[in-house]
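Structure record follows, encoded as structure tokens.
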Amino acid sequence: MALIKSVRGFTPKIGKNVFLADNATVIGDVEMGDDCSIWFNAVLRGDVNSIRIGNKVNIQDGSVLHTLYQKSTIEIGDNVSVGHNVTIHGAKIEDNVLVGIGATVLDHVVIGSNSIIAANSLVLSGTKVEPNSVYAGVPAKKVKDIEPEQTSEMINKIANNYLMYSDWYK
């Protein structure tokens, strides 16, 4: 059973039809919408500030979400896939985004909708990722614009697949 822990008077709020892997950890000021999945060894640590997650979001295996005390929060929109072993620290991610495997997204980053952060990229603090774009590298830079239809197909496919995968465990 997942570890769901209250801290500082905050208890995680979890939407409907949410899958929490047996060793996922959700702590403190965390709120997530419906149809989400939090996978094996993922940690959502809302102990020092808030984490807000929309609907149909998957946080894949080994990912860590955390914030800065009194300085940053995490906001994740709808239909977002956070790949394996991703670190998100105090960032805002708008709707329809894919954060690739092993990426690091630092404080006060804003990732615009319909965007992709490539695997193993480092998105430096304060970066504003333009909507409808791909960012890659260390540090991450814009590599191209993409049409919303292009990202929509891939991002929707991954989000829908993870919703299906989570049903296998229920």
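If I filter the range 155-166 for residues that are under 21 Å from Ile51 (Cβ atoms), at pLDDT 95 or above and not hydrophobic (A, V, I, L, M, F, W, C), do I get at least one hit? Yes, the conditions are met somewhere in the range 155-166. Summed over the range 61-84, residues that are more than 24 Å from Ser166 (Cβ to Cβ) and open to solvent by 10 Å² or more (accessible area, probe 1.4 Å) total 5.
For the range 1-60, give me every one of the strands (runs of 3 or more DSSP E) that falls completely inside it and has 2 or more residues that are among the basic types (Lys, Arg) and open to solvent by 70 Å² or more (accessible area, probe 1.4 Å). In the range 1-60, the matching strands (runs of 3 or more DSSP E) lie at 43-53.
The values are calculated or read from the model by the stated rules, or taken from the named source; none is laboratory data. Nothing here was measured: the structure is a model prediction, and the numbers come from that model. All Cβ positions, even for glycine, are placed from backbone atoms using ideal geometry, and neighbour counts span all protein chains on display. The area values use the complete protein model at the heavy-atom level, side chains included, leaving out ligands, DNA and RNA. Shrake-Rupley method; radii C 1.70, N 1.55, O 1.52, S 1.80 Å.
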